[in-house]
1. Name the residues whose placed amide hydrogens come within less than 5 Å of the amide hydrogen of L106, ignoring near sequence neighbours (fewer than 5 apart) on the same chain.
2. Work out Dmax and Rg for the stretch 72-124 from the C-alpha atoms and quote the Rg first, both in angstrom.
3. Are there any chymotrypsin sites (Phe, Trp or Tyr not before Pro) in the stretch 58-127 that are in a DSSP loop and have at most 15 other Cβ atoms within 10 Å? List them by number.
4. Suppose we keep just the alpha-carbon trace of the stretch 179-320; what are its Rg and Dmax in angstrom?
5. Would you rank V518, V281, V411 by solvent-accessible area, highest first, keeping every protein chain in place and using a 1.4 Å probe?
6. With r defined as the distance between the Cβ atoms of A268 and R93 and R0 fixed at 51 Å, what FRET efficiency is calculated, to the nearest 0.05?
7. In Å, what Rg and Dmax follow from the Cα atoms of the stretch 153-233?
8. As a test of understanding, state the convex hull volume per residue of the stretch 24-68 from its alpha carbons, in Å³.
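The values are calculated or read from the model by the stated rules, or taken from the named source; none is laboratory data. If you're wondering where the values come from, they're calculated on a predicted model, not measured in any experiment. Neighbour counts are summed over all protein chains in view; Cβ atoms, including those assigned to glycine, are modelled from backbone coordinates with ideal geometry. Each accessible area value is taken on the protein alone, full model and side chains, heavy atoms only, with ligands, DNA and RNA left out. Shrake-Rupley method; radii C 1.70, N 1.55, O 1.52, S 1.80 Å.
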Amino acid sequence: MAKLLVPLVVLGAVAGGAPPAAPRCPPRCLCPAAAPSPTLLCARTGLLAVPPSLDRGAVELRLADNFIGAVGRADFANMSSLVHLTLSRNGLRRLAPGAFADLRALRALHLDGNRLPALSGPQLRGLASLRHLILANNQLAAIDAAAFAAFAATVEDLDLSHNNLPALPWDAVAAMASLATLTLDHNLLERVPAGAVARLPRLARLDLTANRLRALPPVPGPPGPALAAGGNPLHCNCELLWLRRVAQPGRLETCATPAPLAGRLLGAVPEEELTCRAPAVTAAAAHPPAVTEGQPLRLGCAAVGDPPPALHWLGPDGRVVHNGSRRSVGADGSLELRVATLRDHGGFTCVAANAAGEAAARVDVVVVPLPVPRRDRDGDDPEPGPGPSDMARAGGNETFGGAGPGERRVVAAEVTGSSARIRWLPQRHVPGVRMVQIQYNSSADDALVYRLLPPSTRTFVLRDLAPGRLYELCVSALHVAGDPPAAPRPLGCVSFATAAAPPGCAAPPRPHFLGGTVIIVIGAAIAASVLVFILILTARWKAAGARRPPPALTSVCSQTNGGPRPAEPLELPPLPPLPPGPGGALGEGPGGGPGLGGSRGLFPSHSYPRRARPRRHGSLPRLDAPEGTPLGPLRPSFGSTHWMLESTV
């Protein structure tokens, strides 16, 4: 035993003391052995793709000045120790999603001098330790807001210069708490949002040279970041006083407008010449000035000032109008009311504001209530006349019978905490109605909900309403499509409030939720029943197979298929002579030829193996009887014809 252990110990010592084999260096690359960490130098080697035989434990990889057009998902897989990666000047056009997902320790990524058209969120996923991202001299025209999410907390240097960026995801940039250098020169930026730079507490240098900026928001200071903004068509007015005061000798910010200051350096313009002009509203009107409730309306407003004023609207209640499903404010300052209600009746105010002050103009809007039909004593429907609207008489939960002589066109009845029944009068004198449209919204949500119904519908139940809410609902008739298509004809509007939910009581489950739960329970019960039925059948089949006796084997051998031993011939008693046929004796045929037997006797019998049967013909002896057992007598009724048939078989 000792003689066997000694060689094993020696082999183990030799194997343990041998240095590990060095990883193979990719072709055309240099792998300096004197480097303190594994380094792969593959720059200027004419590579068309990332070498597949890279050392996955490398710390630095340089692939600059090659012809690598795309980076795949597996090119840098499992390179978790890589710290520095250079892919500059390769003509790179495509980055696969997750191409750098395994580079968790990467700190510097150089992608400058390529042809990347855009950046999406998954392309830079996984770079949790990135500090320097260089994307200069590409063809970037758009950057997804999620592209910087993986390294927003660690990045310190972001270079996006010499691209085609008309805008930047400033909210994503403002989330970079450690950002110290932001380079955005030679792009197509037209605007820097106010406060975007102020949210970068560690920013030390901001380069906005050669863009299309006409104004610059104030940056925090002093001291503030070092700012370069030359080469922009700046509009020199009071908004750039802050930049004039922090200007240093040698700065190149030049005024493009107004005309008296065009071409002059901002630092050379006196402060008293950097002035602003207060806004003035030049036009404000409603188109059309009066509408029937339920119809659309547009309010226009125009103003001048230096700088150009920003426009916003105040509603009749004095609140600022925001964009929603029923109201929207355009980029030109116009206000569009898609569905006018009686709450819009009154004065809207257009407000223009800039750095020099504010100006306002009032626009009156007239919303005409829908006429209410009245019935005469004969029960006929007269021509509709003016009357109060359902909006003016909100809160009506009455039915048609309790409305008095002037019936409403649309009423809300049977209002509960989660449902309401809406009824409206039939439209007998409106031809070509294709369908009826119901639109409603609640006081807490400005989004409109639409329902389309057949033209013959006169009542509809709204479900899934929120308790304790005020709802506004309008019913319109949609006509047959034409050229141009006809506008919807309002039939009436109504306001109603749902009942408040009892305190401490949870809202009951919705019907569609209960229906889905019942379907799932029934399906599970059916599946379980089928499974149990299959298991029972399987168990019974196995039990029946265990109780069944093994089948008896019958050994019948023949001279055609062979066997262990030939079957012994049966000895049968002589058969009675057959009666002569029409042609003569048994041995002659009708024409005197040989008969059934001829010189060869009865039909020649050929023995073939037969399948064992549990019940045998009574005319034959048992073929599987033991040897020496006497054969029983034949049945008296056994005839020659039966024997011939049996023998033939």
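1. Those lying under 5 Å, H to H, from L106 are S129.
2. 10.8, 29
3. F67
4. 19.7, 65
5. Greatest to least solvent exposure: V518, V281, V411.
6. Calculated transfer efficiency: 0.65.
7. 11.6, 34
8. 66 Å³
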